[in-house]
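Trainee: Supplied in structure tokens, the structure appears directly below.
The values are calculated or read from the model by the stated rules, or taken from the named source; none is laboratory data. Nothing here was measured: the structure is a model prediction, and the numbers come from that model. In this analysis, Cβ positions are derived from the backbone assuming ideal geometry, glycine residues included, and neighbour counts consider all displayed protein chains. The protein model used for the area step is the full one, side chains on, heavy atoms only, and it has no ligands, DNA or RNA in it. Shrake-Rupley method; radii C 1.70, N 1.55, O 1.52, S 1.80 Å.
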Amino acid sequence: MINKCFEVRVLTLFPEMFPGPLSYSLAGKASEKNIWSLKTVNIRDYATDKHKTVDDEPYGGGPGMVMRPDILGKAFDKNNPNSKWKKIILTPRGKPLTQKMVKDISSKPGAVIVCGRYEGIDERFISSRSLEEVSIGDYVLSGGEPAALILIDSIVRLLSGTIGSSDSLIEESFENNLLEHPHYTRPYEWEGMKPPAVLLSGNHREIEKWRKNIALEDTKKRRPELLISEKK
Ligand code: SAM
């Protein structure tokens, strides 16, 4: 089956930051295979004054500068190709990114991703374009670009053809709200430690059972809220 190329359009003040790490390893190879493609849009190209200004002081005062809605609006409208695409803006207050959200985005034909800078983005731009706000965690980055790289990487690895064996995806962390089981490889003995005997038993049913149990125990210990959210 031939899949359509997943298209990503990133609106940024720093297009030179892309594709950066996305040109390596799985994402890099997937891009060479045309599984996904990236276009960056320099927001500054839509500024109208001779200094190419994209920000201004916040109404009401306070520190920092705010990205102007008129410039962002124009950049977005000229590069918003399809109503079926996901329209995302990266903000610390956005919905925390989860594997479920990544799956949903990867099922679309493409995504427009807007990266903020400075103190933030004029609220009117966010609300008028019905953008979904996404956060990559409860901490503040200096710009949306590193968040966009993380988001794109997580999307690309779910696209059909990026990862050799689709089994790797089925057993991964956050599938069924569980963390993944631990892994072991050669050497058999390292610093006095050996892998659990069951993994060398050749009994696939027992191995499966052990992995499921340990994944559940690990999740209870490390991330109990994942199990609670499954019950909801
Ligand atoms: N003043 C803002 C606040 O307190 O929420 C922080 C602005 S931050 C310095 C500049 C830009 O970085 C944001 O507009 C956003 O695009 C991006 N950013 C920062 N932290 C982020 C996070 N955790 N997730 C997604 N984007 C983030």
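Trainee: Enter the accessible area per residue of the range 123-175 (Å², integer; probe 1.4 Å; all protein chains in place).
Mentor: 50
Trainee: Tell me the carbon and sulfur percent of the accessible area for the range 6-158, rounded to whole percent, probe radius 1.4 Å.
Mentor: 51
Trainee: Let me check something: with ligands and nucleic acids excluded, how do 205, 157 order by accessible area (1.4 Å probe), largest to smallest?
Mentor: So the residues, ranked largest to smallest area, are 205, 157.
Trainee: State to the nearest 20 debye the size of the charge dipole of the range 75-172 about its Cα centre, where the only charges are +1 on K and R beta carbons and -1 on D and E beta carbons.
Mentor: Rounded to the nearest 20 debye, it is 380 debye.
Trainee: Taking the chain as the reference, fit the longest principal axis to its C-alpha atoms, fit the long axis of helix 145-156 to the helix C-alpha atoms, and give the angle between the two in degrees, 0 to 90, nearest 10.
Mentor: It is inclined by approximately 50 degrees.
Trainee: Now for a separate question. May I ask you to give the percent of accessible area on the range 171-231 that is carbon plus sulfur, with a probe radius of 1.4 Å?
Mentor: Here it works out to 52 percent.
Trainee: Let me ask something else. Do any trypsin sites (Lys or Arg not before Pro) in the range 55-105 lie in a loop, going by DSSP, with at most 11 other beta-carbon atoms within 10 Å of their beta carbon, and if so which?
Mentor: The qualifying sites are 84.
Trainee: Let me ask something else about it. Cβ neighbours within 10 Å, averaged per peptide: list 189-199, 124-134 in order, most packed at the top.
Mentor: 124-134, 189-199
Trainee: Then there is this: Could you state the per residue volume, in Å³, of the convex hull enclosing the Cα atoms of the chain?
Mentor: 192
Trainee: So, one more: If you average 1/r over all unlike Cα pairs in the range 9-125 and invert the result, what Kirkwood radius do you get in angstrom?
Mentor: Roughly 15.7 Å, rounded to one decimal.
Trainee: Hey, another quick one. Within 10 Å, count the other beta carbons around each residue, average over each peptide in 7-18, 215-226, and list them highest first.
Mentor: 7-18, 215-226
Trainee: Still on this structure, please answer the following. For the range 100-232, what is the charge dipole size about the Cα centre, in debye to the nearest 20, if Lys and Arg each add +1 at the Cβ and Asp and Glu each add -1 at the Cβ?
Mentor: 380
Trainee: Next question. In debye, nearest 20, what is the charge dipole magnitude of the range 67-106 about its Cα centre with +1 on Lys and Arg Cβ and -1 on Asp and Glu Cβ, if you could check?
Mentor: 120
Trainee: In whole angstrom, note down how far apart the Cα centers of the range 149-173 and the range 82-108 are.
Mentor: One Cα centre to the other: 15 Å.
Trainee: In addition: Using only Cα atoms and rounding to the nearest 10 degrees, what angle (0 to 90) does helix 69-78 make with the longest principal axis of the chain?
Mentor: Result, in degrees: 70.
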